[in-house]
1. Scanning for something in a loop (DSSP other than H, G, I, E, B), under 20 Å from ALA330 (Cβ atoms) and of a type in the set (Ser, Thr, Tyr), does the range 160-178 turn up at least one residue?
2. If I ask for residues that are in a helix (DSSP H, G or I), in contact (Cβ under 8 Å) with a residue 60 or more places away in the chain and buried (at least 21 other Cβ atoms within 10 Å of the Cβ), which ones from the range 125-152 would you list?
3. Can you spot a residue in the range 28-40 that is surrounded by 17 or more Cβ atoms within 10 Å (Cβ to Cβ), touching a Lys or Arg at 6+ places or on another chain (Cβ under 7 Å), assigned to a helix (DSSP H, G or I) and at pLDDT 95 or above?
4. Among the residues of the range 329-365, count how many are assigned to a loop (DSSP other than H, G, I, E, B), surrounded by fewer than 17 Cβ atoms within 10 Å (Cβ to Cβ), at negative phi and out of contact with any strand residue (DSSP E or B) (no Cβ under 7 Å at 6 or more places or on another chain).
5. Within the range 305-312, can one find any residue that is basic (Lys, Arg), closer than 22 Å to TYR229 by Cα and not assigned by TED's automatic domain parsing to the domain that holds VAL144?
6. Going residue by residue through the range 67-84, is there one that turns out to be over 27 Å from ASP201 (Cα atoms) and either assigned by TED's automatic domain parsing to the domain that holds LEU134 or among the aromatic types (Phe, Trp, Tyr) (or both)?
7. What number of residues in the range 350-398 are more than 30 Å from ILE121 (Cα to Cα), among the small types (Gly, Ala, Ser) and in contact (Cβ under 8 Å) with a residue 60 or more places away in the chain?
8. Inside the range 1-24, can you point out the residues that are assigned to a helix (DSSP H, G or I), at pLDDT below 95 and under 25 Å from the mean Cα position of the chain (by Cα)?
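The values are calculated or read from the model by the stated rules, or taken from the named source; none is laboratory data. Keep in mind the model is a prediction, meaning the values are calculated, not measured. Neighbour counts are summed over all protein chains in view; Cβ atoms, including those assigned to glycine, are modelled from backbone coordinates with ideal geometry.
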Amino acid sequence: MKYINPTTIRADFPILSCEIKGKPLIYLDNAATTQKPKAMLDALLHYYTHTNANVHRGLSGLAAAADMAYARAREKVRVFINAKESAEIIFVRGATEAINLVAQSYGRAFLCSGDEVILTIMEHHSNIVPWQMLRDQLGIKIAVVGVNDKGELDLEEYQRYLARKPKLVAITHVSNVLGTVNPVKEMVKMAHAVNVPVLLDGAQAVGHFAVDVQDLDCDFYVFSGHKMYAPTGIGVLYGKQEFLEKMPPYQGGGGMIQMVSFAKTKYADLPEKFEAGTPSIADAVALGAAVDYLQNLTMAAVDEYEKILLDYATAALQKIEGLRILGTAANKVGVISFVLDNIHPHDVGTILDKEGITIRAGHHCAMPLLQHFNVPATTRVSFGVYNTKEEIDVLVKALAIPKYLGFGRV
């Protein structure tokens, strides 16, 4: 297996040479968005300077090159998550749009008043609000699976909800607050046993370990490019072809049609049926370059290295007086949320920023989960392939903050 060399990798990310308030940048907010490798940035620039043309519309050589680059990016994503067909890969703006697409297309077509959708308490708002909107539109019901004190899902409660014959399960693969990796393969199998389709939110998963949608057997899988070293504004909806073919288009316009008259419209085949208008072509190409970057590292090496960082940081943070970590599941990715006695997370964030350390402080777009743990906000650190143990040491030293508030002794 390959191994991550953080010194080599850090040289791939131009922003890491920057300073914040005169201190070297320590970027520990990868669950919010990742920094960008030069290879991805070069692909973005190369597209605009050598290949820029609209796709599916031109007969010129330049247009053909753009078509090819766009199709190649789709195929790279297909391989990356091991989908059967490239037609099952729909380019969208991000995981949020992908979930909304499924809610408004599949949901409005196949759900009725009184039908139930299963979510979990650890969902990001992006996997709560679209279903609430569908509830208000159609009168569906929402069931919420709880968690234990470690931040692990209650599978017995999940089984009880499945016994009520819901119409859809929509759950996160990895919690953006707790770092918990949910047993989604088992949960998909449990749902399919009672003929219930499953959507998985993989925004916090695909950049950290290998994802195989055929092995998971999920019916939909969504993720965002910007959390896996690609640009913002590009993401993916994977859907089994049998589902996508039954679903009506989410938006209407150019690029997703075969024929239009004022009497009727015939829609294009997959995947174009769900990609109305001019797509974010350059960002899709750059997503393909980010996939190449991760594939070159290998996801096994990424997973192993980030686990080393997680274990190191967890052990170090637990030594800080008054610090409590939320989420102690056995299976986690490199995300640690914590609270410090008598210090608001926003104050912690301000203090760390003075040391050049970028973290996230707040509710992390997961307010129901934080309410469950009876905290208004947490401080969250989250790791990527370019982070180091030395950065964690700086973080821990900064959290022993007597020079600011006279609190926090290691």
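1. The answer is yes; a qualifying residue exists.
2. Just the residues of the range 125-152 that are in a helix (DSSP H, G or I), to begin with: 125-127, 129-138.
Imposing the further condition that a residue be in contact (Cβ under 8 Å) with a residue 60 or more places away in the chain reduces the set to 125-127.
Result: SER126, ASN127.
3. So far as the range 28-40 goes, no, none of its residues is surrounded by 17 or more Cβ atoms within 10 Å (Cβ to Cβ), touching a Lys or Arg at 6+ places or on another chain (Cβ under 7 Å), assigned to a helix (DSSP H, G or I) and at pLDDT 95 or above.
4. Residues flagged as assigned to a loop (DSSP other than H, G, I, E, B), surrounded by fewer than 17 Cβ atoms within 10 Å (Cβ to Cβ), at negative phi and out of contact with any strand residue (DSSP E or B) (no Cβ under 7 Å at 6 or more places or on another chain) within the range 329-365 amount to 3.
5. yes
6. There is at least one residue in the range 67-84 that is over 27 Å from ASP201 (Cα atoms) and either assigned by TED's automatic domain parsing to the domain that holds LEU134 or among the aromatic types (Phe, Trp, Tyr) (or both).
7. 1
8. Within the range 1-24, PRO6 is the sole residue that qualifies.
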